[in-house]
Amino acid sequence: MDAIIITGNGPLKGETFASGAKNAALPILASSLLAEGRHTFRNVPGLADVATMLKVLQMMGCDAERLTGKKKYVCEVEVGPKVTPEAPYELVKTMRASVLVLGPLVARWGRARVSMPGGCAIGARPIDQHLKGLQALGAEIELTEGYVEARAKRLKGGTVTFDLITVTGTENVMMAATLAKGRTVIENAAREPEVEELARVLNKMGAHVTGAGSDIITIDGVDTLRPVDHAIIPDRIEAGTLLVAAAITGGNVLVREAVPEHLEHVIAKLREAGCKVTAEPEGIRCIGPSRIKAVDIKTKEHPGFPTDMQAQLMALLSTAHGTSVITENIFENRFMHVAELARMGADIQVQGATAVVRGRERLSGAPVMATDLRASASLVLAGLKAEGKTTVSRVYHLDRGYERLEKKLRGLGANIRRVKG
Ligand code: EPU
């Protein structure tokens, strides 16, 4: 297993860029099942999770591949006249987002058999809302042998009111509704930029989706959809992580492609913490102060502060002057990085959904490991600030969502390398 070795060496400086958004690419790749023919997706990040989604599509009989050479950010998916509408446990257990094929399969192919994802490191993460939404559109759902079996001759539009806000649940129902007969209204919908991006792609395919980005999305079903050629938006979480790398080292970094409107709360918190953050024509620049100030953070669905940036901000605030309070409102177990940050000298007390972070002037390098993607990123960030050597193992978590993070950080002057294990 690969590891990443970092030796803190002061301020990062220069320019880097945000790759395509993982959490936009995954539903968009799944949406290809809605239309027969050859789809072309551009700016698709080179991530383990994207490879898993391509594998899911291949197992269904689609010709799904990443091109090579200069076209390595292009994925082509050819959907033929037949698919095997099944996502097996072996793949779903490695990536929960595989469940995004459920909506498209039942809408276009009348049947889906998808393994139940089960819990994961950050929480139980049930999919009851996805199922409730599909049932509201007329799908018959059965749970057998760990699989969800969904059937419908043709889905019918209906009103879906989510009990809580769910990103992939909104995406699944939105995709399913594009081919349903009549109008679907999704109430209490997720408002994330990735939901808006999926709606853009569906509309390019010929769907009629309005309201994405607000909490009410309306979809007027059509009979067929056509393949698309689409370039995916930049990854706001990767961009945010790179901004924190500038902040924690007291550096000066321009993250090209980063979209300020996608990161409003993150930018606001970085400013409150004493960073100078500016929107520039090419992206976002962050200049870190000599010492970060403590700030309080509460995660919330978009447009609130993203849970996917909580671990990274915790690393930053571990080095702040003063005490910060971080409240995690989305996932019940997303503080797995706390014990590892403590190994680097951070002073963090957790009680329930709240972490009290008493900032320390110094962190010290240590061997650490993480159990999820964003937790791994937070350890890399802490390593940039720490004195001495930090070895982050289980880097496969990082590779699920960051394309060669160490390469981008090295380009900014960090002393960081990957060792093959
Ligand atoms: N929930 C339910 N029932 C459901 C669906 C969700 O109880 O049917 C609960 C979850 O357990 C959680 C909350 O609702 O407590 C929100 O979960 P949501 O469904 O919004 O999460 P998700 O769609 O599974 C996406 C991202 C995550 C990100 C969350 C929250 C993708 C592929 N994944 O997950 O990304 O943390 O939204 O913003 O879009 C990551 O990239 O590191 C990552 C985990």
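The values are calculated or read from the model by the stated rules, or taken from the named source; none is laboratory data. Owing to the predicted nature of the structure, the values given are computational and were not obtained by experimental measurement. So basically every Cβ, Gly included, is an ideal-geometry build from the backbone, and we count neighbours across all protein chains shown.
Among the numbered conditions (1) buried (at least 18 other Cβ atoms within 10 Å of the Cβ); (2) out of contact with any Gly (no Cβ under 7 Å at 6 or more places or on another chain), the only one that residue 129 does not meet is (2). Starting from region 353-369, take each residue that is without any contact (Cβ under 8 Å) to a residue 40 or more places away in the chain and list its partners that are surrounded by 16 or more Cβ atoms within 10 Å (Cβ to Cβ) and among the basic types (Lys, Arg), counting only C-beta distances under 8 angstrom and pairs at least six apart or across chains. Between residues of region 353-369 that are without any contact (Cβ under 8 Å) to a residue 40 or more places away in the chain and residues that are surrounded by 16 or more Cβ atoms within 10 Å (Cβ to Cβ) and among the basic types (Lys, Arg), the close pairs are 366/343; 367/343; 368/343; 369/394. Of the residues making up region 312-332, not a single one is farther than 30 Å from residue 193 by Cβ and hydrophobic (A, V, I, L, M, F, W, C). State whether the residues of region 63-75 include one that is within 18 Å of the chain's Cα centre (by Cα) and not in a loop (DSSP other than H, G, I, E, B). No, region 63-75 has no match at all.
The residues on offer are 307, 224, and the sole one that is within 29 Å of residue 329 (Cβ to Cβ) and among the hydroxyl-bearing types (Ser, Thr, Tyr) is 307. Residues that are assigned to a loop (DSSP other than H, G, I, E, B), touching a strand residue (DSSP E or B) at 6+ places or on another chain (Cβ under 9 Å) and either basic (Lys, Arg) or surrounded by 24 or more Cβ atoms within 10 Å (Cβ to Cβ) (or both) within region 311-327 comprise just one, 318. Of the helices (runs of 4 or more DSSP H) entirely within region 345-421, those holding at least 1 residues that are modelled with pLDDT of 95 or more, within 16 Å of the ligand (Cβ to nearest atom) and touching a Gly at 6+ places or on another chain (Cβ under 9 Å) occupy 373-385. Counting only helices (runs of 4 or more DSSP H) that fall entirely inside region 83-158 and contain at least 2 residues that are under 20 Å from the mean Cα position of the chain (by Cα) and either hydrophobic (A, V, I, L, M, F, W, C) or modelled with pLDDT under 95 (or both), the qualifying elements are 89-92.
Only one entry in 35, 25, 64 is touching a residue at least 12 places away in the same chain (Cβ under 8 Å) and either touching an Asp or Glu at 6+ places or on another chain (Cβ under 6 Å) or within 15 Å of the ligand (Cβ to nearest atom) (or both), namely 25.
Please verify whether residue 219 is away from the ligand (no atom under 16 Å from the Cβ), surrounded by 24 or more Cβ atoms within 10 Å (Cβ to Cβ) and not acidic (Asp, Glu), treating the condition exactly as stated. Against the criterion (away from the ligand (no atom under 16 Å from the Cβ), surrounded by 24 or more Cβ atoms within 10 Å (Cβ to Cβ) and not acidic (Asp, Glu)), residue 219 qualifies. Scanning region 259-310 for residues that are of a type outside the set (A, V, I, L, M), more than 18 Å from residue 357 (Cα to Cα), away from the ligand (no atom under 16 Å from the Cβ) and part of a loop (DSSP other than H, G, I, E, B) yields 275, 281, 282, 288, 289, 290. Here is a check on your reading of the model: is residue 283 farther than 30 Å from residue 214 by Cα and over 15 Å from the mean Cα position of the chain (by Cα)? No: the conditions fail for residue 283. Of all residues in region 328-344, those being part of a loop (DSSP other than H, G, I, E, B), in contact with a Ser or Thr (Cβ under 9 Å, 6 or more places away or on another chain) and either more than 11 Å from the ligand (Cβ to nearest atom) or not aliphatic (A, V, I, L, M) (or both) number 6. Here the condition is being in a loop (DSSP other than H, G, I, E, B), touching a residue at least 40 places away in the same chain (Cβ under 8 Å), among the hydrophobic types (A, V, I, L, M, F, W, C) and within 16 Å of the ligand (Cβ to nearest atom); of 165, 186, it holds for 165 alone.
Pairs are defined by a Cβ separation below 7 Å, a sequence spacing of at least 6 or placement on different chains, a first member in region 122-141 that is under 18 Å from residue 111 (Cβ atoms), and a second member that is of a type outside the set (S, T, N, Q) and within 6 Å of the ligand (Cβ to nearest atom); the pairs so defined are 130/169; 133/169.
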